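The values are calculated or read from the model by the stated rules, or taken from the named source; none is laboratory data. Note that the coordinates shown come from a computational prediction; the quantities given were computed from them, not determined experimentally. Neighbour counts run over all protein chains shown; Cβ positions are idealised from the backbone, glycine included.
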Amino acid sequence: MATVKAKTMRKETETAVNLPQLAANALILTAWLWLYWPLADYLQVIFTREDFRTNQILLIAVIALIVAQWRRSALLPRFDAPPRLASWPLALSLGGSLAYLLSERFLSVNTLSATLFGLASYGLLGLWLEPARWRGGLLAALLLIGALPFGEHMQTFIGYPMRIVTAALVRDGLTAVGVGSIGIDTILVFENGVSQVDIPCSGVKSLWTGAMFLIAATWIERRPLTWRWWGTAVIFALTLFLVNLVRVAILVTVGEALGWRLVAEMLHVPLGVLGFVAACALALWLLRRQPAPAPQSPARSDHSAPSAWLTPALLLVILLMAALYTPRPISGLSQPAADWEFPTALAVTPLPLKPDEYEWLTRDGADTASRYRFTWEGVSGSMILITSHTWRAHHRPERCFEVYGLTLEESHTHLVNGDQAAMNNGVGVMPVRFISLGRGDEHAALSATYWFQSAARITDDYGTRIWADLSPQREEWVLVSILFDDVYQADNPDLNSLYLALHAAAAANIGNR
């Protein structure tokens, strides 16, 4: 009887809530949120705005998967217990937070900071979890972090060189079979034109969604991250690249070589989806051929003992890092406003920048920014010209249009043929990005155009603009972004003459301040 009573008392003691420790842990978590509070606005945009719908759907799927898996494993950290001195979780939480402070101070790349927040937070969680369970949940943490818009960044940063390699291989392949009149530029422009539907399972973004699939499958199948797993990951990435290469080759052959452009546009999405599914099936097959890990003995435990000093020390360190947080200094719009010389046929009226626009351009290091209302041979609208020596001050104008409540209906490259005078100034064929925008329930309500221009180059590709900054001597670039008051066709001669006039004005301005 005494033994039963002792066991009952011990069980009640183990299940009782330690209120003082719970309050102390709540202070730790509050200080943690204060440290990372500058990311709140960015995360709210990512997980609420319509143009990040793919990331939101992915996040919901990941959360559902985590809930299903954790219900089976009964993963319940007790936050009324003191944190334990676990070396790896502690190193990840504090090291990730220090990296976050450095990133915010010198880089201010939101996705990088959010990634460090996710990793450091999972390290902090490990102070209240058994080491084996913490290690087992690492893939779940990576899935949550992977819901950030890495696909957009991959498209921006590595999309350009991958597209160049793909276009070169397609050109060489077509040349080998007797079709030798299609160049790399033609392939790039054509592939951009038919790929108007942006899906995450074709092109560069397939690497992001593929990585998410492989991590999720590894977690569900309970496979360890061994050298064989890394080999599977490399094979999977190469397969995704190859299926995209085949997709582009088919599209160019059908649409450009055979002239069946409508058929190529119809094939774009099915080819991307089928290729992605086939690559995922191969990765899953390779994953299942790997041996499952041997179950650990329940008697063996490497759970560290609680440390009485860790709670106040952890709280003090987090508060100190929060106090040391310093954002990257504002350095933009430090030069006098550009004195643009427009042709007399272009009537312009200056428009002041909005407060949020001024804040953004100042924060990201723009040299100058000028916005105007204009009329040109019966064409009217507004335009903004941003000069900068850093890609950070430039952007994809599609994002701005969507922020202002417009919807992206179509976006493709349009080639403007220069006249003789323009050709003498180095403009033979000028690529611009032509956009069709909707407004509310009205489709194709407005048209827009933009391009990036330096003293030697013109491009409509944001990735090309970014890669240009890798040069030891950075050039001055101008972003020319135009929003028309009406709907126009891309090949409207009045628009083409406007583009050439603005190109000449930007060329005269570059390097003259």
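Some points to look at:
- The set of residues in the range 456-478 being in contact with a strand residue (DSSP E or B) (Cβ under 9 Å, 6 or more places away or on another chain), assigned to a loop (DSSP other than H, G, I, E, B) and in contact (Cβ under 8 Å) with a residue 24 or more places away in the chain consists of Asp460, Asp461, Glu476.
- Restricted to the range 162-183, and to residues there that are crowded, with 19+ Cβ neighbours inside 10 Å and of a type in the set (Val, Ile, Thr), the residue that is farthest from Asp460 (Cα to Cα) is Val170.
- Residue satisfying all of: in the range 291-328; touching a strand residue (DSSP E or B) at 6+ places or on another chain (Cβ under 8 Å) and either modelled with pLDDT of 75 or more or of a type outside the set (Gly, Ala, Ser) (or both); surrounded by the most Cβ atoms within 10 Å (Cβ to Cβ) among these: Leu310
- Number of positions in the range 144-161 that are farther than 30 Å from Ile187 by Cβ and either among the β-branched types (Val, Ile, Thr) or buried (at least 21 other Cβ atoms within 10 Å of the Cβ) (or both): 4
- Looking at Trp260, Trp229, just one residue is in contact with a helix residue (DSSP H, G or I) (Cβ under 8 Å, 6 or more places away or on another chain), surrounded by fewer than 15 Cβ atoms within 10 Å (Cβ to Cβ), outside the structural domain of Trp134 (by TED's automatic domain parsing) and more than 20 Å from Gly159 (Cβ to Cβ), and that residue is Trp260.
- Residues satisfying the stated conditions in the range 32-50, i.e. surrounded by fewer than 16 Cβ atoms within 10 Å (Cβ to Cβ) and either in contact (Cβ under 8 Å) with a residue 12 or more places away in the chain or basic (Lys, Arg) (or both): Trp34, Tyr42, Leu43, Phe47, Arg49, Glu50
- The listed residues are Leu22, Leu92, Leu85, Leu98, and the only one of them that is at pLDDT 80 or above, among the aliphatic types (A, V, I, L, M) and within 23 Å of Ile215 (Cα to Cα) turns out to be Leu92.
- Residues satisfying the stated conditions in the range 383-411, i.e. over 20 Å from the mean Cα position of the chain (by Cα) and buried (at least 17 other Cβ atoms within 10 Å of the Cβ): Met383, Ile384, Leu385, Ile386, Thr387, Ser388, Leu406
- Elements of type helices (runs of 4 or more DSSP H) contained in the range 93-178, each with 2 or more residues being basic (Lys, Arg): 131-136, 159-176
- Filtered residues of the range 467-513 (kept if under 22 Å from Thr390 (Cβ atoms) and of a type in the set (Val, Ile, Thr)): Val478, Val480, Ile510
- Qualifying residue in the range 366-386 (condition: without any contact (Cβ under 8 Å) to a residue 24 or more places away in the chain and part of a helix (DSSP H, G or I)): no
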